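Worksheet: one structure, shown below.
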Amino acid sequence: MPKIMSTGFCIPPYELKQSDTAQFAKDLFAESFRDINRLLTVFENGQIETRHFAKGMDWFQEDHTFEEKNNAFIESAIELGVKAVENCLTNSAYLSDNIPYEEIDTIFYISTSGLATPSIEARIMNELPFSPHTKRIPIWGLGCAGGASGVSRAHEYCLAFPKAKVLVLSIELCSLTFQRNDRSKSNLIGTSLFADGVAAALIAGDEADISASQLDTLPSTLHTQSTLMPDSKDVMGWDIRNNGLYVIFSKDIPTIIDSWLGDQVQTFLASHGLTTQDLRHFVAHPGGKKVLEAYLSTLSLESSMIDHSLHVLKHHGNMSSATVLYVLDRFMKEKIPSGEYGVLTALGPGFSSELVLLQWRE
């Protein structure tokens, strides 16, 4: 089965404390909500302490056109994406030798927060010495599910081409979509939750040379499952207007997890002769504190199984598709015994879920 060999990141340059963003939101939204102080408890209760952004606070104090926002996305995405790819292919925590760029067969580029044609991975290929024959597969619009979906699609690619080494590159600069004049509760919640993140993962097929790996066990991707909930397009996504991207974010997402996701996971595991009791590791995208609590409830998991997800949420917030790769990195740093099972999962627009069955192997 394909193996995840390495991960890499580039933390955006501006770190903001949650207290600072709460004050920013209070100043901006106070005229629109009489109960602003009550609403601002989402900043305190979300278990986020710091987040990272491509631009400093001054940038968000002014209005920007869709063109200005998207140009800022392209500029920052290239700069941060180059560094994340470099970090992934030279990560000494996982690799004894650097992986040559020329050995990368395919790049899956994942994003939902900015537009570019040529797409960002093509622009990064002009900065780094990839083979000109590297295949490019940009995927746009999967939102928070995108990182898990990218791992799934890389898994399937490596089954078809077992000698391949594949990069999954997720670039989400959610802050650059911020709408100062959108005084909706969805935008207020988004302001308390979303952040910028850039992450890459290296996945190798069964017949690929993985001699550069220095880990005793690697997470192997065994199976995947994608699921779309019918008639749920208004749960999460973008409302695209003249001024750019306006966030759609339903308060019912934790309830949907309780009522919808549990059976999916149980059925997925049962099809491979497993139950949730066989899971030792839960690599979950932290959509928010309530989302993680809903995972525990509906799947009857031990609270410790979301510790890594909570850590990423606390220090980085919700970085859309990139977030689950940050969580995966924390699992890869553990010395996990061969044979243990895990699930990598994320939810996104559609409304949809992505599940990846993992097993650590020598």
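The values are calculated or read from the model by the stated rules, or taken from the named source; none is laboratory data. Since we're looking at a predicted model, the values are computed, not measured. Virtual Cβ from ideal backbone geometry, glycine too; neighbours counted across all protein chains shown. Surface areas here come from the heavy atoms of the whole protein model, side chains and all, with no ligands, DNA or RNA. Shrake-Rupley method; radii C 1.70, N 1.55, O 1.52, S 1.80 Å.
Picking from residues in the stretch 252-280 that are farther than 14 Å from S353 by Cα and among the acidic types (D, E), the one that is modelled with the lowest pLDDT is D252.
Go through the residues of the stretch 239-249 one by one and say whether even a single one is touching a Leu at 6+ places or on another chain (Cβ under 9 Å), open to solvent by 50 Å² or more (accessible area, probe 1.4 Å) and free of Cβ contacts under 8 Å to residues at least 60 places away in the same chain. Yes - at least one qualifying residue is present in the stretch 239-249. Scanning the stretch 292-300 for residues that are out of contact with any Pro (no Cβ under 6 Å at 6 or more places or on another chain), of a type in the set (A, V, I, L, M) and under 22 Å from F43 (Cβ atoms) turns up nothing.
Is it true that M5 is part of a strand (DSSP E or B) and more than 23 Å from G287 (Cα to Cα)? Answer is yes for this residue. How many residues are of a type in the set (A, V, I, L, M, F, W, C), touching a Lys or Arg at 6+ places or on another chain (Cβ under 9 Å) and within 18 Å of N187 (Cβ to Cβ) when one looks only at the stretch 1-42? The number of residues fulfilling the criteria is 7.
If only one of L176, L202 is part of a strand (DSSP E or B) and crowded, with 23+ Cβ neighbours inside 10 Å, which one is it? Residue meeting the stated conditions: L202. Among the residues of the stretch 83-93, those identified as among the aliphatic types (A, V, I, L, M) and either touching a Lys or Arg at 6+ places or on another chain (Cβ under 9 Å) or over 22 Å from F53 (Cβ atoms) (or both) are L89, A93.
Within the stretch 90-110, the set of residues being of a type in the set (A, V, I, L, M) and over 11 Å from V166 (Cα atoms) comprises A93, L95, I99, I110.
S303 passes every criterion in (1) within 26 Å of R51 (Cβ to Cβ); (2) small (G, A, S); (3) modelled with pLDDT of 90 or more; (4) under 21 Å from the mean Cα position of the chain (by Cα) apart from (4). If you go through the stretch 25-52 and keep only what is exposed (fewer than 12 other Cβ atoms within 10 Å of the Cβ) and either in a loop (DSSP other than H, G, I, E, B) or acidic (D, E) (or both), you end up with D27, E31, R34, D35.
Looking at this structure, is Q277 out of contact with any Cys (no Cβ under 7 Å at 6 or more places or on another chain), surrounded by fewer than 16 Cβ atoms within 10 Å (Cβ to Cβ) and not aromatic (F, W, Y)?
Criteria met by Q277.
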